[in-house]
Amino acid sequence: MASLSVKPGQRFTLPDWQNNSILISADAEQQRYHSHHIRQEGRALRNETGNQAKWDEHNSRTQLKDRIASVDRWRETLARCLTEIDLEIDALTKMKEAAENALQAKNLCLDVAIECLTFRESRRDIDVVRDPVEEELHREVKVIEKTKEDLQQRIDDAFKQLCLLKEARQQLSCDHRHKVEALELDRQCMSFNLTSGNISFKVNPTRIPYGTTAIHEWEQNSQRNKERAVAEMKASVDLRGAITLTIAQTNNELDAQRIATEFALRKRMRDMEAALSELRWQEQNTLEEIAEMEEEIRQLEEDIRKRTLDLKVAHTRLETRTYRPHMELCRDQAQYGLTDEVQQLEGIIRVLQQKRTESQDALDALYRQLHRIQTDIGYKTNSLQLDNKCMDTRKKLVVPVEKFEPEVDAVNRTRNLPRNSQLEL
């Protein structure tokens, strides 16, 4: 009879065995259920966090785009304002120079009036009287001094306004430069993505930097800079209009006073001055026509240059297409179009060159005619100088320096100055 080497353990009953199996199955079922629940929660969490991250990134990108658009609109507004204020500074500077030229021109009037008074001090005996001519000369001196004071005041006002304009421009320029830098940084932020090589963790990225401003403060600052620039430009436009009016009024006053002073001296010279006036009118018109013809010639030469560049482009395209390989080297519609373009451009250039030659011939004829007019003016001026020494002295006032009246549109900023260059033929 066989025997066991080890004493058998405790023996369990069949119900215990069955209960143990049931317990193991229940535990396994419970663990599987718990694991399935955790997996479902993890999947839901992954979907939720992924969607949340995508929407957050989308919202951040949208907000960046909106911010870039807002900053860019202000940048364009400030850029336009900068352009306008630059034009206004240039226009006011030119107007100030015009006022300075007009003020300088008054020195000639004053010198002539004093010189005429000095001449009349040489009268003798009964002729040393205070006649209307002398009274008009004294009145002319007072008018000139008053106009010089008015012009000097306008020049001082223009200088102060230029300082204000440049200060406003400095603020605009600084604001514009800051917005350009901010746009560059925000656009760099827009370019970042998951594969960018320069992304990394930063120390306390959510901190609020020192000097941070609120959005309404940011917008108010730009609005304030713009409004100040607009206000200064409006003040400058008004000042330019006032300067133009002052120059015109002073010139009109001096013209009226000069006419009153010279009325008695001009009786024997009217016929000659009428002819001289006609010649000067012809000279001015001829100078204007010369300027327009010179501008036309420059425009023709510019058109010739542009059409030549167009022809070069067409030639280069045709030459480049000759290197197409094998069957690609065909005479397609593009080839015909380029050939027609070359022929058209060559014809256009010939016509433009012919017109330039004709314009140059016409310009030469204008210069010859101008020389004839100026020579005749010289003859007639010399004849007038022989009439009377005092009248000869006052003829200095007829020089265009005194007649200088800048035609400046205070709104459109147009400026048309008379030509003062001398032609040497």
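Numerical summary
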item	result
Any chance E227 is without any contact (Cβ under 8 Å) to a residue 24 or more places away in the chain, open to solvent by 40 Å² or more (accessible area, probe 1.4 Å) and either part of a helix (DSSP H, G or I) or over 30 Å from H138 (Cα atoms) (or both)	yes
Leading residue by the ranking (modelled with the lowest pLDDT) among those in the stretch 306-354 that are of a type in the set (D, E) and part of a helix (DSSP H, G or I)	E328
Hey, A214 out of contact with any His (no Cβ under 7 Å at 6 or more places or on another chain) and in contact (Cβ under 8 Å) with a residue 12 or more places away in the chain or not	no
Condition broken by S200, with the remaining ones in (1) in a loop (DSSP other than H, G, I, E, B); (2) polar (S, T, N, Q); (3) within 30 Å of K396 (Cα to Cα) satisfied	(3)
Sole exception among (1) exposed (fewer than 15 other Cβ atoms within 10 Å of the Cβ); (2) in contact with an Asp or Glu (Cβ under 7 Å, 6 or more places away or on another chain); (3) of a type in the set (A, V, I, L, M, F, W, C) for L185, by number	(2)
Neighbours by Cβ (under 6 Å, 6+ apart or cross-chain): first from the stretch 142-171, under 16 Å from A91 (Cα atoms); second of a type in the set (V, I, T) and part of a helix (DSSP H, G or I)	R154/I243; R154/T246; L165/I89; R169/I85
Residues (in contact (Cβ under 8 Å) with a residue 40 or more places away in the chain and either under 17 Å from the mean Cα position of the chain (by Cα) or within 17 Å of T83 (Cβ to Cβ) (or both)) located in the stretch 232-241	E232, M233, S236, V237
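The values are calculated or read from the model by the stated rules, or taken from the named source; none is laboratory data. Everything numeric in this text was worked out from a predicted model, so none of it was measured. For neighbour counting, all protein chains shown are included, and Cβ atoms are generated from backbone atoms with ideal geometry for every residue, glycine included. Accessible surface areas use protein heavy atoms only, side chains included; no ligands, DNA or RNA. Shrake-Rupley method; radii C 1.70, N 1.55, O 1.52, S 1.80 Å.
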